[in-house]
Amino acid sequence: MIQVLGMQRVAILAGLLGLNLVVFALTYFFMDPQASKMQRQLNAARGQGNSIQQEIDRLQYEFAQIGDQQVMFEQIKEDGFFTPQGRRQAEQVLRMAQNESGVFTAKVAIRPAERENNEQADKADHAILQSSVNIRIEAYDDVDVFRYIYLLRNNFPGYLSVDGLTLLRTQDLSVDILRNVTLEKPPVPVGATLSFIWRTMVPENVAPSANNEGGF
Amino acid sequence: MGIPFLSPARTVLLITDEALQIHSSGFAGTKLVDVLPWDAENFVDTAADIIAKDCGRKPVVIVHDMVEQYYRKERVPNVGIMDKKNVMARKLMVTFPNYPVRGSLELKEKVTKTEGSLSARIYIFSAVAESEQLSKTMSAVRKSLASIVCFSMLPVEASDMVSALSQKAIGKQIQPAEWTVFMGQHKSGGLRQIVVKNGELALTRLTPMVDSDMDPDHWAQDMHSEFRSTLSYLLRFGYSPSDPLDVIAISNPPAAEILQNSFDENVRVKTLTSHQAAQHLGLKIEKQVDGRYADPLHAAWIGQKRKFVLPMQADALAKVAKPRQMAAVGVLFLLVALSYQSVDLFDKYQVYAERAADYKLAEQRNAQLDAQYQREIERKEALGFDIKLLQASIAVYNNLQDNDVKVLNLFNELGRALPADLNVDDIKITRPEPVRRDEFLNYQEEPEKSPLYVMSVNMSFPNTANVDEGNETVQNIRARLLKSLPGHEIEITKLLRDYEFEDELVLETGDRANVQQQAFTAAFEIRGFAPEPEEESAP
């Protein structure tokens, strides 16, 4: 074959074939993978950039809101929203409310605190403590009951949500009732039962664990 | 002929009886490179060297111009296209069984079908005998490594030149004749006469003659004598002395006039130098060539041809030509493939480079964003408190407020809505369980919105009250509450005593009837809802 074609022609053919192979290999075994790899790196870099940009936007948004939120945060902090629901403090508020509202009796039962699931609190490594507060009130006038509720909601540490309420006028105010007001056991014309949920937000390490059924 | 700068570059090997003429043809024209006698020392090596070096190993056209050429006019019956090649090859083999180089040319002439014979086509079969000159030429070409374009016979390939020359040199003034005789002396001294009828080769002769025109009379006489011999042959080929006939003779001007005057036959004679003939044909030949020699003209004409009239076939030729042609095709293919791949590689490199540049920009941007992020973090840390706790606690607190019962506000609005003389017997606030969405999975419509709380109010009216007026009072209370408690549903669940068809009525009337008056009662429900959650607009 070399005798017919000649060394030069064979060399040219071989050289061209070799060059073709080299260019093919360069294209598909080097440049293509490199381009794909670079595309992946580019996508990753852009993704990273977008994530950082979102974080920056979030931080800037937070800063923009902090002015208003800081006042409210200080207020709820002052209201005891971050306290671990000390029963002693609650007892003082209950006594004060009973004395100042004018209700005749107020029987209060506070259940042990339990952990309440809350995603927002989880984000800040905190947990919500909740306790049921049930109150039975006897009063001469419904206004006293309202005042009692007002005093509780404004002075109780944390947040006291109304879960239920019953207000019942057991007797009409009559001359006989008014005469018996001074007796040792006077008749009670208004009865009320109040159900509240008492909530505060405490650090994660202070709250009972999620699977702990017992309270404080 | 063609456009000079598009003329193919070739080496034309003219095989004559005395020597091998090597012509180089290209866009600059055709020039005689060398004339190698057959008995020259190291003939093959020298010829190969000239083809490879002096002619630049250009593709070779081998032209046979020896005396020993064989032509036969043959009838070949019409056969199908599929069989034609095999039939022709077999016919050629049968016609020239001992000659290795053979070829066939179909003529315009045809034989129509008659009762006794089939329709057929007329061919000129040609062949070249095996000779030392031929084998030496093939060896030289093989050794030179130049590719072979074609092996052809000079008279056949020159037939179209004669027609073209007839059209251009004679046909300008008058209509060219049916018969044309071309007469040209070769360097070897032989006179080549080519007779063309209607553009097709009819007869060719190569005869010796005086190799000098120093004596123009003698030279012209020789020429005319050979012409007369040719005419006698032509009579056998259907020529009649009364038929118009053109003669084109290549000669130097001094002999040309004598030659023209020597023709006493009924013919038109045109004498041209080889340069003039080349000019008519659009060819370039060397100026130094003696104007009476026709072989440079033939070499120039055949060297510029793109399509040959009768390419000859031979095994020895094919063994050399085909691999080299394949190699040329292979080189071309590989060059095209290389070009394509190079463009592809360049495109991919550009894509890579663009991505690399974008990546660099993205990295720079990320570095800037990182720095900005660090500044924001430092700014946050400088505040001195936990922003996450701040935001989470406020979110929790707001949620508690949204889902709480504003009980004192409710009592306040209720007190404003009630008339002063009305007694409220009891108030009850309950928080119904929210409707679970999964209970409505089988329903297309959205579940009814569950109230956050329900406040039930029972009232009593004095037993002396007018029922209609009392009911109106209850309706008015509802209207006032709807106005003062937007977003609430207020429903009267019980009106003062009224009779509807579903009530049972027992009535005692008359003066002695036992009439007992009892108080009227009414009730309604207030349903409050949690505010719609706002869609987050912040990141």
What about A:I110, is it within 15 Å of A:Y159 (Cα to Cα), in contact with a helix residue (DSSP H, G or I) (Cβ under 7 Å, 6 or more places away or on another chain) and either more than 9 Å from every other protein chain (Cβ to nearest Cβ) or of a type in the set (D, E, K, R) (or both)?
yes
Would you please list the contacts, defined by Cβ atoms under 7 Å and residues six or more apart or on different chains, that run from a residue in the range B:354-378 that is more than 30 Å from A:M31 (Cα to Cα) to a residue that is of a type in the set (A, V, I, L, M, F, W, C) and part of a helix (DSSP H, G or I)?
B:L369/A:I52; B:L369/A:I56; B:D370/A:I52; B:Q372/A:I56; B:Y373/A:I52; B:Y373/A:I56; B:E376/A:I56; B:E376/A:L59
Scanning for something in a strand (DSSP E or B) and acidic (D, E), does the range A:112-124 turn up at least one residue?
yes
Just to confirm my filter: which strands (runs of 3 or more DSSP E) fall fully inside the range B:48-161 and include at least 3 residues that are under 21 Å from B:A19 (Cα atoms)?
B:60-64, B:148-153
Look through B:I490, B:I526, B:I477 and report the one residue that is at pLDDT 90 or above, surrounded by 11 or more Cβ atoms within 10 Å (Cβ to Cβ) and in a helix (DSSP H, G or I).
B:I477
Output for the range B:206-220, where each listed residue is over 22 Å from B:W38 (Cβ atoms) and touching a Leu at 6+ places or on another chain (Cβ under 9 Å):
B:P216, B:W219, B:A220
Tell me which of these B:F308 doesn't satisfy, since it passes every other one: (1) touching a Lys or Arg at 6+ places or on another chain (Cβ under 7 Å); (2) under 30 Å from B:P59 (Cα atoms).
(1)
Only listed residue being under 27 Å from B:R102 (Cα atoms) and crowded, with 16+ Cβ neighbours inside 10 Å, chosen from B:R75, B:R57:
B:R57
Conditions (1) assigned to a loop (DSSP other than H, G, I, E, B); (2) without any contact (Cβ under 8 Å) to a residue 40 or more places away in the chain -> B:Q260 fails only (1)
Please state which of the following conditions B:V454 fails to meet, knowing it meets all the rest: (1) more than 20 Å from A:L167 (Cα to Cα); (2) in contact with a strand residue (DSSP E or B) (Cβ under 8 Å, 6 or more places away or on another chain); (3) surrounded by fewer than 18 Cβ atoms within 10 Å (Cβ to Cβ).
(1)
Looking for something modelled with pLDDT under 65, of a type in the set (D, E) and under 21 Å from A:D144 (Cα atoms) - is there at least one such residue anywhere in the range A:158-172?
yes
Among (1) farther than 19 Å from B:P311 by Cα; (2) out of contact with any Pro (no Cβ under 9 Å at 6 or more places or on another chain); (3) surrounded by 17 or more Cβ atoms within 10 Å (Cβ to Cβ); (4) at pLDDT below 90, B:I51 falls short only on (4)
Between A:R95, A:R9, which is more than 30 Å from B:L369 (Cα to Cα), charged (D, E, K, R), surrounded by 12 or more Cβ atoms within 10 Å (Cβ to Cβ) and more than 9 Å from chain B (Cβ to nearest Cβ)?
A:R95
Matching residues, the range B:366-387, being more than 7 Å from every other protein chain (Cβ to nearest Cβ) and β-branched (V, I, T):
B:I377
For the structure I just gave you, tell me whether A:V22 is of a type in the set (V, I, T) and either exposed (fewer than 12 other Cβ atoms within 10 Å of the Cβ) or touching a residue at least 60 places away in the same chain (Cβ under 8 Å) (or both).
no
Qualifying residue in the range B:164-177 (condition: over 20 Å from B:R10 (Cβ atoms), part of a strand (DSSP E or B) and of a type outside the set (A, V, I, L, M)):
no
Every residue from the range A:62-85 that is exposed (fewer than 14 other Cβ atoms within 10 Å of the Cβ) and either more than 21 Å from the chain's Cα centre (by Cα) or at the interface with another protein chain (Cβ under 10 Å from one of its Cβ atoms) (or both)
A:A64, A:D68, A:E74, A:Q75
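The values are calculated or read from the model by the stated rules, or taken from the named source; none is laboratory data. Just so you know, these numbers come straight off a predicted model, no measurement behind them. Heads up, the Cβs are rebuilt from the backbone with ideal geometry, glycines too, and the neighbour counts pull from every protein chain shown.
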